[in-house]
Amino acid sequence: MNKKKIFNDPVYGLIRFPFDSLYAIIDHAYFQRLRRISQQALSHYVYPGALHTRFQHAMGATFLMTKAIETLRAKDVEISDEEYEAVCIAILLHDVGHGPFSHSLEHVLANVNHESISLIIMEKIGKELGKDFSMVLDIFRGNYRRPFLHQLVSGQIDTDRMDYLTRDSFFSGVAEGIIGYDRILTMMNVADDQLVIEEKGVYSVEKFLMARRLMYWQVYLHKTVISAEMLLISILKRAKYLTKQGVAIPSSDELNYFLKLDINDERILSQPEFLSDYVLLDDMDILWMIKKSVNHPDQIFSSLCNRLLHRQLFKVKSGDTLENQVFFDDKKSQFMARNHLNVQEADYFFSTKTEKIKLYEGGDQEIKILMKDGQVVSYSALHPQADLFSTEERKFWFYSM
């Protein structure tokens with residue numbers, strides 16, 4: 001076998017893909033860009049090992065998809081080669097629309113969901129490779145006639161989540177995220193074209209849901225990680241403000257386009273220059289701007305850049321209490337007086353954010369369990385925990401000394 005067709009993945013070992021089209025997509029410049037988009041943004045400020053990329057995640061999720069399809073085929077689920085190839089392309093490209101630092105700067109540089117951008121990039125890659133991606137797009141959007149294929153790409157127990165929990169746990173060193181993906185894949189089946197988990201796998205589902213909750217509060221929504229991300233957001237907001245005021249900012253042409261951008265909703269997707277600049281934008285553009293701006297004449301901007309570069313992050317308090325509100329307001333007043341700032345200027349250094357996670361979605365998104373007698377029941381009916389559908393919420397107060 002051609003050695004080019006084998007990848008050495010740190011999580012799964014040697015992996016290979018069944019279609020030449022996947023290798024052509026991997027070699028495409030738009031996909032190679034994901035090497036320069038961090039998977040966990042600034043989580044490495046807390047977990048030093050969390051420096052992996054969207055490129056690695058997309059490859060891993062695609063490998064898990066091949067294992068899922070092979071498992072289903074072994075259980076006599078009819079899946080054509082065309083469907084197999086299309087669902088693999090859909091998962092390989094599911095994150096291709098992510099901007100710099102993944103979710104952290106989504107809606108800051110351009111107020112557009114990365115999924116919308118992914119669809120446009122998928123169409124463009126298909127045209128450039130001379131392939132019909134209509135089935136790929138239908139699966140990705142959830143419009144294909146066989147729902148289980150979309151559910152494998154985007155559902156409550158999909159290959160995307162299985163890879164990012166496994167991979168993020170591995171690189172961050174947080175063992176609570178380990179989910180036993182191999183058993184979940186083995187327990188997958190299809191009933192009435194809906195993805196189901198066989199009854200023997202119900203406890204693996206429970207572990208999966210709990211691992212996801214723990215990873216969110218312990219890693220993704222760790223207060224120091226959010227503090228770093230809020231600082232990064234303040235930097236970009238100040239950069240946009242200064243650029244629109246005519247103040248020069250050291251930035252690449254692609255980043256400068258987004259700093260000047262006035263249209264801040266999905267209308268920008270119709271502008272031809274949007275995509276051409278977006279696909280050249282990555283973490284390096286942001287980091288270069290920050291490094292070059294530590295001595296910028298605008299003291300607010302230079303202070304923010306210095307803080308992120310040297311990990312002098314905002315202090316954090318958590319809890320939606322009157323005591324925290326009074327403390328926050330007092331610190332902000334003192335900071336304004338000491339640094340001669342007005343309210344708008346101080347807002348770059350003081351902010352609040354409420355984070356929410358929902359353990360489980362009901363309705364059409366329910367995880368379905370295939371019982372031994374052939375009956376299909378919802379996971380919530382089988383495991384009616386009181387807090388299953390609850391939303392956990394935490395308010396954070398970020399302030400500067």
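The values are calculated or read from the model by the stated rules, or taken from the named source; none is laboratory data. None of these values were measured; they are calculated from a predicted model. Every residue, glycine as well, gets a Cβ built from its backbone with ideal geometry; the counts of neighbours run over all protein chains shown.
Computed values, structure above
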quantity: Residue 247 vs. criteria of a type in the set (A, V, I, L, M), within 29 Å of residue 44 (Cα to Cα) and either free of Cβ contacts under 8 Å to residues at least 40 places away in the same chain or assigned by TED's automatic domain parsing to the domain that holds residue 348 (or both); calculated: no
quantity: Subset of region 202-260 that is under 16 Å from residue 305 (Cα atoms) and among the charged types (D, E, K, R) - its residue that is surrounded by the fewest Cβ atoms within 10 Å (Cβ to Cβ); calculated: 237
quantity: Subset tally (residues that are over 21 Å from residue 104 (Cβ atoms) and assigned to a loop (DSSP other than H, G, I, E, B)) for region 267-309; calculated: 5
quantity: Extreme residue, farthest from residue 22 (Cα to Cα), among residues of region 57-71 that are surrounded by fewer than 20 Cβ atoms within 10 Å (Cβ to Cβ) and in contact (Cβ under 8 Å) with a residue 24 or more places away in the chain; calculated: 71
quantity: Residue within region 230-243 that is in the same structural domain as residue 60 (by TED's automatic domain parsing) and in a helix (DSSP H, G or I) present; calculated: no
quantity: Filter result for residue 117 (over 24 Å from residue 359 (Cα atoms), in contact with a helix residue (DSSP H, G or I) (Cβ under 6 Å, 6 or more places away or on another chain) and not charged (D, E, K, R)); calculated: no
quantity: Output for region 312-331, where each listed residue is out of contact with any helix residue (DSSP H, G or I) (no Cβ under 6 Å at 6 or more places or on another chain) and of a type in the set (D, E, K, R); calculated: 315, 320, 323, 329, 330, 331
quantity: In region 291-328, the residues that are surrounded by fewer than 17 Cβ atoms within 10 Å (Cβ to Cβ) and β-branched (Val, Ile, Thr); calculated: 294, 316, 321, 326
quantity: Yes/no for residue 184 being closer than 25 Å to residue 38 by Cβ, free of Cβ contacts under 8 Å to residues at least 40 places away in the same chain and in the same structural domain as residue 52 (by TED's automatic domain parsing); calculated: no
quantity: Residues of region 317-328 classified as charged (D, E, K, R), touching a residue at least 60 places away in the same chain (Cβ under 8 Å) and part of a helix (DSSP H, G or I), total; calculated: 0
